[in-house]
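Notes follow once the structure below has been shown.
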Amino acid sequence: MELRTLTYLVVGFTFLVYVVIAVWARVDSTKEFYVAGGSINPVANGMATAADWMSAASFISMAGLIGFSYQGYGGSVFLLGWTGGYVLLATCLAPYLRKYGKYTVPEFIGERYYSKAARMVAVACLIIASLTYVIGQMKGIGVAFSRFLEVGYEQGLLIGMVIVFFYAVLGGMKGITYTQIAQYTVLIFAYTIPAIFISIQLTGNPFPQLGLGSTLLSDGTYLLDKLDLVLTDIGFKEYTTTARLSTLNMFFYTMSLMIGTAGLPHVIIRFFTVPSVKDARVSAGWALVFIAILYTTAPAIAGMVRLNLTNTIEPTPGNYLAYAERPQWFKNWETTGLLQFEDKNADGLIQYSADDATNEMVKIDNDILVLASPEIAKLPNWVIALVAAGGLAAALSTAAGLLLAISSAISHDMLKGVLRPNISERGELNASRVVMGFTVLSAGYLGFDPPDFAAGTVALAFGLAASSLFPALMLGIFYKRMNTAGAVSGMLAGIGVTLFYVFQHSGIMFVKETAFLGSMSPNWFFGIEPNAFGAVGALVNFAVAIVVCRYTAEPPEHVLALVDRIRSPN
Amino acid sequence: MSNNSDAYWRANIRLILKLLAIWFVVPFLGGIVFVDVLNEFRFGGYKLGFWIAQQGSIYLFVVLIFIYARQMTKLDEIFSGKDSADTRSTEEQIK
């Protein structure tokens with residue numbers, strides 16, 4: 001069957017499933033809307049958390065970042081950072097916040113720090129972090145549609161918005177949870193099937209995790225040794241040992257992503273949906289199991305496709321592929337502009353090297369690595385169609401989770417918590433639906449015309465979560481003496497230094513003209529890049545909070561009782 | 001806080017510190033700071049440090065969480081004195 005028809009069928013079928021689930025799971029109480037009634041089985045919640053967590057960035061971009069931009073070993077920061085945060089979440093946050101037993105992260109901060117101001121600071125952090133993150137998802141949805149369904153970017157985005165709108169508004173957290181379980185199933189098959197085929201082709205081992213450490217069928221050398229050799233031959237640095245900037249930078253980068261992961265509200269609220277504290281702990285373990293399946297496959301895809309691609313262009317040293325004989329996938333991706341060739345020495349052959357003067361592969365976009373992997377490995381069309389559906393599932397599931405986090409912060413924390421405390425449950429439920437609809441529209445609007453900052457969102461979202469929310473939550477649970485003044489000044493100081501470092505070069509909210517400190521090197525603080533700065537912001541937050549708290553009044557009795565309650569076994 | 005809850009909390013903190021020590025040492029020291037030293041050793045076709053950074057640590061994280069969940073369930077049983085299944089949130093229990 002033709003690829004396009006097949007893609008329509010596969011994607012159309014998955015969408016039908018999501019919509020059917022949404023109608024079946026529609027809700028009529030705020031508890032069901034915000035936390036699915038606290039009734040989700042921990043394994044199911046783990047799977048939904050995995051889909052919620054793994055976005056278009058994990059599915060489409062991560063392996064490419066590891067394979068190309070971060071030169072192999074340097075990409076470990078993503079693998080470690082985006083999984084290790086779950087250990088922090090499972091031991092330091094999720095169980096106690098579940099014990100607390102309410103609906104949102106700002107709600108906890110507001111009650112623990114007995115302050116509406118603290119709650120509003122948390123709401124602001126949550127909205128900025130989640131909204132920047134959601135724009136990235138909307139863009140992913142638009143790109144995936146336009147590439148695979150051959151409709152325009154805008155139409156693609158519109159279809160995606162309608163689908164998310166439908167099941168998120170109707171079903172709230174309950175609808176989102178069950179849809180995310182379906183989406184996880186789609187995305188994990190879509191990710192692992194091509195990887196398994198590629199691993200078998202190269203090494204004969206059906207497990208990509210083992211294949212990456214195996215010998216090649218072609219010449220019996222170890223795959224990674226071969227990759228190092230092939231890449232150093234054409235001037236690149238060694239794949240298995242090249243760090244990202246410096247050891248110190250990798251350390252902070254990894255730590256920032258871990259702390260940020262644990263502090264992202266849309267992940268934390270997933271643990272409010274399980275029936276008990278015990279379930280919250282177990283559920284974090286299951287979430288990581290489901291995430292690890294993709295995250296241990298990603299480095300294998302990265303290494304294998306990089307080797308495949310390099311070998312295709314230069315089968316043996318000095319023997320280059322003629323441009324006229326380039327394979328079909330090469331042509332397909334050239335038309336998207338993500339792959340570009342320029343015959344600099346006009347010999348009709350493709351020379352690929354690390355040297356800008358002679359390299360003729362002038363553009364290899366990171367995103368190609370995963371999306372083109374089935375074509376490079378000559379897999380059948382249904383696999384390509386499945387990858388399209390998987391990419392969309394990853395983007396849709398994360399977008400829905402983020403939208404719920406944003407709308408609950410607005411309707412529950414701002415509207416009910418501060419502006420109109422007397423609103424009825426029915427009124428709040430209706431308000432949260434309206435807010436949800438409005439959030440989908442604004443995210444979509446930003447997706448139509450993504451502001452310059454799409455690329456900087458990682459730094460911003462993780463920086464905010466790491467430098468403001470995570471320390472405030474940790475201290476709230478583990479440091480009984482922590483009071484309003486300490487927590488609020490800590491959060492503001494943490495966000496302050498992080499935003500200062502992120503915006504100094506890229507401009508305030510990524511508006512280039514507002515960049516300050518223009519003449520300094522972007523990584524002036526011990527060579528740490530802005531993406532890795534969240535951990536420094538978190539340290540500042542902890543330090544400021546603890547010092548300020550020492551000199552201000554102890555929290556009142558009822559707050560101490562609250563801390564005792566969330567700490568106690570029953 | 002009663003003595004009982006105090007002991008429970010201290011046991012919880014001890015467990016967390018132990019697990020987080022492993023959580024820190026393996027990826028940050030093994031996978032980043034001392035990666036070059038460990039890369040002198042092989043693990044099949046992998047350099048050992050590279051394997052820790054791109055595979056091993058992830059498996060370890062999963063194991064750490066399940067150890068924590070299991071140990072805490074045991075602590076819950078010892079300290080709560082009632083059926084461990086009853087761990088509803090405090091608010092629900094008050095009702």
- Mind checking which residues of segment A:226-237 are surrounded by 17 or more Cβ atoms within 10 Å (Cβ to Cβ) and free of Cβ contacts under 8 Å to residues at least 24 places away in the same chain? A:228
- Message: When the residues of segment A:21-34 are narrowed to those that are surrounded by 14 or more Cβ atoms within 10 Å (Cβ to Cβ) and aliphatic (A, V, I, L, M), which ends up nearest to residue A:162 (Cα to Cα)?
- Response: A:22
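Just to be sure I understand, how many residues within segment B:28-48 are within 8 Å of chain A (Cβ to nearest Cβ) and not in a loop (DSSP other than H, G, I, E, B)?
Narrowing segment B:28-48 to residues within 8 Å of chain A (Cβ to nearest Cβ): B:28, B:31-33, B:35-36, B:39, B:43-47.
Now narrow it down to the ones that are not in a loop (DSSP other than H, G, I, E, B): B:28, B:31-33, B:35-36, B:43, B:46-47.
So the answer is 9.
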- Turns out the helices (runs of 4 or more DSSP H) fully within segment A:32-127 with at least 2 residues that are within 14 Å of the chain's Cα centre (by Cα) are A:42-53, A:76-88
- For segment A:439-475, what are the residues that are polar (S, T, N, Q), touching a helix residue (DSSP H, G or I) at 6+ places or on another chain (Cβ under 7 Å) and modelled with pLDDT under 90? A:439, A:457
- Message: Looking at (1) part of a helix (DSSP H, G or I); (2) surrounded by fewer than 17 Cβ atoms within 10 Å (Cβ to Cβ); (3) more than 9 Å from chain A (Cβ to nearest Cβ), which one does residue B:13 not meet, given that it meets all the others?
- Response: (3)
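Residue-wise test of (1) surrounded by 21 or more Cβ atoms within 10 Å (Cβ to Cβ); (2) closer than 21 Å to residue A:399 by Cα.
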| site | (1), (2) |
| --- | --- |
| A:12 | no, yes |
| A:48 | yes, yes |
| A:83 | yes, yes |
| A:93 | yes, no |
| A:106 | yes, yes |
- Query: Would you call residue A:237 closer than 22 Å to residue A:71 by Cα and more than 10 Å from every other protein chain (Cβ to nearest Cβ)?
  - Reply: yes
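Every residue in segment A:220-234 that is assigned to a helix (DSSP H, G or I) and at the interface with chain B (Cβ under 10 Å from one of its Cβ atoms), please. Lay out the reasoning, then the answer.
Within segment A:220-234, the first condition is being assigned to a helix (DSSP H, G or I), and the residues that meet it are A:223-233.
Residues satisfying the conditions are A:223, A:224, A:225, A:226, A:228.
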- Counting only residues that are open to solvent by less than 20 Å² (accessible area, probe 1.4 Å) and modelled with pLDDT under 95, how many does segment B:23-43 have? 0
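Residues that are open to solvent by 10 Å² or more (accessible area, probe 1.4 Å) and farther than 22 Å from residue A:230 by Cβ: which helices (runs of 4 or more DSSP H) entirely in segment A:272-379 hold 2 or more of them?
Working: elements: A:277-313, A:328-336, A:368-371, A:373-376.
Result: A:277-313, A:328-336.
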- When segment A:61-79 is checked residue by residue, the ones that are surrounded by 24 or more Cβ atoms within 10 Å (Cβ to Cβ) and farther than 22 Å from residue A:137 by Cα are A:72, A:73, A:76
- Task: Tell me which residues, restricted to segment B:60-91, are open to solvent by 40 Å² or more (accessible area, probe 1.4 Å), within 7 Å of chain A (Cβ to nearest Cβ) and at pLDDT 95 or above.
- Result: B:66
- Return the residue satisfying two criteria in turn: it lies in segment A:401-440 and is open to solvent by 40 Å² or more (accessible area, probe 1.4 Å), out of contact with any Pro (no Cβ under 9 Å at 6 or more places or on another chain) and touching a residue at least 60 places away in the same chain (Cβ under 8 Å), and of such residues it is nearest to residue A:185 (Cα to Cα). A:433
- Message: Taking the criterion of being free of Cβ contacts under 8 Å to residues at least 40 places away in the same chain and open to solvent by less than 20 Å² (accessible area, probe 1.4 Å), would at least one residue in segment A:391-400 satisfy it?
- Response: no
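The values are calculated or read from the model by the stated rules, or taken from the named source; none is laboratory data. Keep in mind that this is a model prediction, so the values were computed, not measured. Cβ coordinates were reconstructed from backbone atoms using ideal geometry, including for glycine residues, and neighbour counts include every protein chain displayed. Calculation scope for accessible area: heavy atoms of the full protein, side chains included, ligands and nucleic acids excluded. Shrake-Rupley method; radii C 1.70, N 1.55, O 1.52, S 1.80 Å.
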